[in-house]
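One structure below.
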Amino acid sequence: MKPVRLGVLGVSNHFIKRCLVPLKKLETVELYGIASRSQDKADEAAKRLGIPKGYGSYQSLIDDKSIEMVYIPLPNHLHMEWIKKAADAGKHIVCEKPLAMSAGETEEAAAYAQKKGVLLMEAFMYRFHPQWKRAREIILTGELGSVVSINSFFSYDLRDPLNIRNIPEAGGGAIPDIGCYAVSSARFLAGAEPKRVVALLDYDPVFKTDVLSSAILDFGGPRAVFTVSTQCYPAQYVEAHCTGGELRVELPFNAYPDVPSVVTVRNGIGERKVALAPVDQYACEFDEFALAVRAGSPSPLPIADAVANQRVLDALYASAKSGGWTAVR
């Protein structure tokens, strides 16, 4: 197939560190352009990163009719604006998570993209990793019985006041940045949506963002419990405890692309470590999306999933404010 020509809005560290190399290796995607807020910066970035063309504004990249697809790694509060502008130009869109600042905004973005006839996908790259597909398969086989509880922890230590993750107006905070992963993975393993949640959030006195956040998600039987923090030693894991055993995804969200990933499974017979061959989850993500673009098929990660995930995030903030259980609506 002809590669889908891709443009990137913004010279983000995330793009450079995690997406640049796998995108260059894909046969389904042509990494063609990168945009910045000045032509000099765009040209410098394009030259340094080996990208054919630099654009001096996000709009100029979107206006290039040869570009078919855009990747949006901009700060959260800018997502909605550029999703709409990209959709207006007929571009298919992969947008970093969370897709918008609220469930209402996410629904609006989804409806707008549908109206314009373009695909829109939230960039939950972990969902494309074989370790997660295998973990879900093990749950579905019934080998471990029924899910009772899903427990997860995700943290990093970031105290820079200028970083967007520490700026509430930009959509910063532990819940939107990494709590979204805890919620998404719990929903994925449970194969259901939580009915209600309760949350406890601690806020940084200077940043005003949540920096230590814990929650319980009630699925009407099974439950999920998680803690996320932006001011803690970096760590991450997800565990599913079931009536007949348990599994643990050892490195659930930042899996290395050059070493095997491991899912540890324990049941009545014993313990085994399911090793999955090295794979780059970002390559998988963009590859599957590009194939959907060329085939004219739905997004490989439905936009309805982004809406459902954001509804839970909204409920977590509402619960923390009220101090009690909050229904997910």
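Considering the stretch 217-244 alone, what residues qualify as being aliphatic (A, V, I, L, M) and under 11 Å from A182 (Cα atoms)?
At the first step, the residues of the stretch 217-244 found to be aliphatic (A, V, I, L, M) are 217, 224-225, 228, 235, 238, 240.
The answer is L217, A224, V225, V228, V238.
Would you check if A170 is assigned by TED's automatic domain parsing to the domain that holds R18 and modelled with pLDDT of 95 or more? Steps first, answer last, please.
Numbers: assigned by TED's automatic domain parsing to the domain that holds R18: no; modelled with pLDDT of 95 or more: yes.
Answer is no for this residue.
Just give me the residues in the stretch 102-126 being hydrophobic (A, V, I, L, M, F, W, C) and surrounded by fewer than 20 Cβ atoms within 10 Å (Cβ to Cβ), in sequence order.
Filtering the stretch 102-126 for residues hydrophobic (A, V, I, L, M, F, W, C) gives 103, 109-111, 113, 118-121, 123-125.
Once the filter is applied, which keeps residues that are hydrophobic (A, V, I, L, M, F, W, C) and surrounded by fewer than 20 Cβ atoms within 10 Å (Cβ to Cβ), the stretch 102-126 yields only A111.
For the list (1) under 18 Å from V293 (Cβ atoms); (2) within 16 Å of the chain's Cα centre (by Cα), I need the number of the one condition that S66 fails.
(2)
State which residue pairs qualify: first residue in contact (Cβ under 8 Å) with a residue 60 or more places away in the chain and inside the stretch 108-129, second residue small (G, A, S) and surrounded by fewer than 16 Cβ atoms within 10 Å (Cβ to Cβ) in any location, beta carbons under 8 Å apart, and separation of 6 or more residues or different chains.
Sorted first by the residue in the stretch 108-129, then by its partner, the pairs are A110/A304.
Answer with yes or no whether D202 is under 15 Å from V312 (Cβ atoms), more than 21 Å from the chain's Cα centre (by Cα), assigned by TED's automatic domain parsing to the domain that holds T264 and of a type outside the set (S, T, Y). Lay out the reasoning, then the answer.
On the way: under 15 Å from V312 (Cβ atoms): no; more than 21 Å from the chain's Cα centre (by Cα): yes; assigned by TED's automatic domain parsing to the domain that holds T264: yes; of a type outside the set (S, T, Y): yes.
Criteria not met by D202.
Considering every residue within the stretch 303-317, establish whether at least one is without any contact (Cβ under 8 Å) to a residue 60 or more places away in the chain and surrounded by fewer than 22 Cβ atoms within 10 Å (Cβ to Cβ). Break it down stepwise before answering.
Applying the first criterion (without any contact (Cβ under 8 Å) to a residue 60 or more places away in the chain) to the stretch 303-317 yields none.
Checked against the condition, which is being without any contact (Cβ under 8 Å) to a residue 60 or more places away in the chain and surrounded by fewer than 22 Cβ atoms within 10 Å (Cβ to Cβ), the stretch 303-317 yields no hits at all.
Being in contact with a helix residue (DSSP H, G or I) (Cβ under 8 Å, 6 or more places away or on another chain), surrounded by fewer than 21 Cβ atoms within 10 Å (Cβ to Cβ), among the charged types (D, E, K, R) and farther than 29 Å from K24 by Cα narrows it down to one residue among R272, R266, R329, R248; which is it? Working first, answer last.
Numbers: R272 fails: in contact with a helix residue (DSSP H, G or I) (Cβ under 8 Å, 6 or more places away or on another chain); R266 fails: in contact with a helix residue (DSSP H, G or I) (Cβ under 8 Å, 6 or more places away or on another chain); R248 fails: in contact with a helix residue (DSSP H, G or I) (Cβ under 8 Å, 6 or more places away or on another chain).
R329 is the lone residue from the list that is in contact with a helix residue (DSSP H, G or I) (Cβ under 8 Å, 6 or more places away or on another chain), surrounded by fewer than 21 Cβ atoms within 10 Å (Cβ to Cβ), among the charged types (D, E, K, R) and farther than 29 Å from K24 by Cα.
Within the stretch 220-245, restricting attention to residues that are farther than 13 Å from S185 by Cβ and touching a Gly at 6+ places or on another chain (Cβ under 6 Å), which residue is surrounded by the fewest Cβ atoms within 10 Å (Cβ to Cβ)?
As a first pass, look at the stretch 220-245 and keep what is farther than 13 Å from S185 by Cβ: 220-223, 227, 229-235, 241-245.
Still in the list and also touching a Gly at 6+ places or on another chain (Cβ under 6 Å): 242-244.
Working: C242: 22, T243: 11, G244: 13.
It comes out as T243.
Which condition number in (1) surrounded by fewer than 17 Cβ atoms within 10 Å (Cβ to Cβ); (2) assigned to a strand (DSSP E or B); (3) not charged (D, E, K, R) is the one that L217 fails?
(1)
State all residues of the stretch 212-237 that are over 23 Å from W325 (Cβ atoms) and within 19 Å of the chain's Cα centre (by Cα); if no residue qualifies, say none. Lay out the reasoning, then the answer.
Of the stretch 212-237, the ones over 23 Å from W325 (Cβ atoms) are 230-237.
If the condition is that a residue be over 23 Å from W325 (Cβ atoms) and within 19 Å of the chain's Cα centre (by Cα), then T230, P234, A235, Q236, Y237 are the ones that fit.
The values are calculated or read from the model by the stated rules, or taken from the named source; none is laboratory data. As the structure is a computational prediction, the values presented were derived from the model and not from experiment. Every residue, glycine among them, receives a Cβ derived from its backbone with ideal geometry; neighbour counts consider all protein chains shown.
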